[in-house]
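The structure appears right after this line, and notes come after that.
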Amino acid sequence: MQVIDNFLDEKDFDELSTKVMGRYFPWFYYDSIVKEDDRGKIGHQFFNMHMLYDNDRPTFNTSFELMDPVLKKLMNFEDPNICLKALIRVKVNSYPNQGTLIEHGMHNDFPFPSRACLISMNTCNGYTKFEDGTKVDSVANRAILFDPSIEHTGTSTTNAQRRVNINFNYFNSLGNISNK
């Protein structure tokens, strides 16, 4: 796992943040976050999500416009372990403040090795936690690069209106042979 602060250039991050955090960004409501079986067991399991890329295609006309700065950054990494080769899925998550900090439940994004770049869009007291207990705080423009087949969880927040992040899932240049 790698944590990179100031992942995008300030101008690119500000433009992305203005769009994603703005009032006209379209959100879609989901009444479970991790697993249907967890509904109601570990707090209020709901969030808003916007899928930018799935099933080998963008989901909206503006998807690539939003993803472009991150895709360029990931494709230009010299380290083949984190260099983007093929995109799997990109989704934007918004977890509302519910008055209590809620961990959403351990999960993996996919059952096979791949790469994830999770970018925090705002700073708050939410975090991403991994199976080994490591917690990475949500800090605006911070990226976490990791293998999303490893169990992990996210949280809500209590000191901001919402916790927002963008999750880029992809295959690396090595065919996902990683240095875990």
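Quick look at the numbers
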{"item": "Under-5 Å amide H pairs with LYS85, H placed in peptide plane, nonlocal only", "result": "PHE171, ASN172, SER173"}
{"item": "Average accessible surface area per residue within segment 62-180, 1.4 Å rolling probe, Å²", "result": "40"}
{"item": "Largest to smallest principal axis extent of the C-alpha atoms in segment 95-137, angstrom", "result": "35, 20, 18"}
{"item": "Along principal axes, Cα extents of the chain, largest first, whole Å", "result": "42, 36, 30"}
{"item": "Accessible surface ranking that places the most exposed of ASP9, ASP109 first, with a 1.4 angstrom probe", "result": "ASP9, ASP109"}
{"item": "Residue-averaged 222 nm ellipticity for the chain, from DSSP H runs of 4+ at -39500 (n - 2.57), nearest 500", "result": "-4000 deg cm²/dmol"}
{"item": "Percent carbon-and-sulfur accessible area, the chain, ignoring ligands, DNA and RNA, probe 1.4 Å", "result": "48"}
{"item": "Longest site-free stretch - the chain; sites: GluC sites (Glu not before Pro), DSSP loop, at most 16 other Cβ within 10 Å", "result": "1-77"}
{"item": "Ratio Rg/Rh [Cα only; Rh per Kirkwood] for segment 114-180", "result": "1.00"}
{"item": "Additional length obtainable on full extension of the chain from PHE28 to VAL139, 0.36 nm per residue less Cα span", "result": "37.6 nm"}
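The values are calculated or read from the model by the stated rules, or taken from the named source; none is laboratory data. It should be emphasised that the depicted structure is a prediction, and the values quoted were computed from it without experimental measurement. All Cβ positions, even for glycine, are placed from backbone atoms using ideal geometry, and neighbour counts span all protein chains on display. These accessible areas exclude ligands, DNA and RNA; they are computed on the full protein's heavy atoms, side chains included. Shrake-Rupley method; radii C 1.70, N 1.55, O 1.52, S 1.80 Å.
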